[in-house]
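Any read-out appearing in this document is the output of simple, stated calculations on the displayed coordinates, not a laboratory observation. Note that the structure is a prediction, hence the values are computed from the model and not measured. FYI the Cβ positions are ideal-geometry reconstructions off the backbone, even for glycines, and counts take in every protein chain you see.
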Amino acid sequence: MAYPRETRERLDADAQVIIARYPLARSALLPLLHLVQSEDGYVSPDGVEFAAEVLGLATAEVSAVATFYSQFKRKPNGTYTVGVCTNTLCAILGGDAIFASLADHLGIGHDETTEDGMITLERVECNAGCDYAPVVMANWEFLDNQTPESARQLVDELRSGKDVTPSRGAAKVCTFKEISRVLAGFPDGRADEGVGAGEPSLRGLHVAREQGWTQPAVPAPSTNGTGTGKPSATSATGTPAAPAATPAATSEAASSGKSAGTGKPSTGASKRTAAGRTDAKREG
């Protein structure tokens, strides 16, 4: 079933904005899939056909990409995706316990959605917040230093419709559809809200400033591969100039009648040799 006309017109307009950002239309596929998710809550069959049509691709090509990336869902997703990091550091500090607690509390497992359609639960390999472990993310907003108890409270508040404030980032957790539109490239005006880098991330910077640590000077890059940083001499034609002749080479060249470093007779040596032969004839 195709999109209703009004929906299709709106998606077409958004798609053209996205496609115009790329030199090749097919390069817009990833943001277009996020756009589809912002409409349907997942990459639906209609969404696959839409992306294929506007980009001139086969539906098989679109499906291949949609099934490769875990952020693209091929079945209806919850209003909120709650991802629990169970990678090494978070797992050691309680990530596995948090996931087990949420799975029991919600009655679902990995990549499953609650019956009310509010929460999709995921195991995540890394939430890129190791200095705040264990970390849970709700639609890719950070909830730092979590416990099984705080994580259960988080999902209960999301299911009840309460606004949840992330530890860092936007002032509140947006819905899956809302954040999918942002990922498609349409800003929601929240980029400057909330805390950016928290204290654990900045601690090393503060210590460096307190101790007066500075970065060592970086030597200028070599331009000729010799490590001296000085350009090599070139001839007027742009080719490397012959190396300067040493005194020994000059002396040898003078006696042999060859210019130093070239193996060819020098003009001056030729004249001197010719003059010597002439003088010898005169003397004879």
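Odds and ends about this structure:
- Sorting the segments 184-197, 138-151 by their residues' average number of neighbouring beta-carbon atoms within 10 angstrom, most packed first, yields 138-151, 184-197.
- Most tightly packed first, judged by the mean number of other beta-carbon atoms within 10 Å of their residues, the peptides 28-39, 104-115 read 28-39, 104-115.
- Dipole axis of the range 5-66 (+1 Lys, Arg; -1 Asp, Glu on Cβ), positive-most option in 31, 48, 63: 31
- Evaluated with a Cβ-only charge set (Lys, Arg +1; Asp, Glu -1), the range 5-66 carries a dipole of roughly 240 debye about its Cα centre, given to the nearest 20.
- The phi-based Karplus calculation (6.51 cos²θ - 1.76 cosθ + 1.60; θ = phi - 60°) puts the 3J(HN,Hα) values of the range 109-122 at x, 4, 6, 10, 10, 5, 4, 7, x, 8, 10, 10, 9, 9 Hz, whole numbers, x for Gly and Pro.
- For the range 192-204, the Karplus equation 6.51 cos²θ - 1.76 cosθ + 1.60, evaluated at θ = phi - 60°, returns couplings of 9, 7, x, 7, x, 9, x, 4, x, 6, 9, 4, x Hz by residue, with Gly and Pro reported as x.
- In this structure the amide hydrogen of residue 142, modeled in the peptide plane, comes within under 5 Å of the amide hydrogens of 167, 168, none closer than 5 places in sequence on its chain.
- Additional length obtainable on full extension of the chain from residue 5 to residue 126, 0.36 nm per residue less Cα span: 39.5 nm
- Between residue 191 and residue 220, the C-beta separation translates, for a Förster distance of 35 Å, into a calculated FRET efficiency of about 0.40.
- Pairs of alpha carbons in the range 5-66 whose separation is greater than 15 Å (percent): 41
- Put in line by how crowded their Cβ is, counting other Cβ atoms within 10 Å and starting with the fewest, 118, 137 read 118, 137.
- Debye-sum result for the range 84-136 in log10 I(q)/I(0), which assumes one identical scatterer on each alpha carbon, at q = 0.14, 0.15, 0.30 Å⁻¹: -0.33, -0.38, -1.08
- Residues 73, 177, sorted so that the one with the fewest Cβ neighbours within 10 Å comes first: 177, 73
- A simple spin-label model places the labels of residue 157 and residue 75 3.0 nm from each other, with each point 7 Å out along Cα-to-Cβ.
- Looking at the range 144-206, the pairs of alpha carbons with a distance over 15 Å make up 63% of the total.
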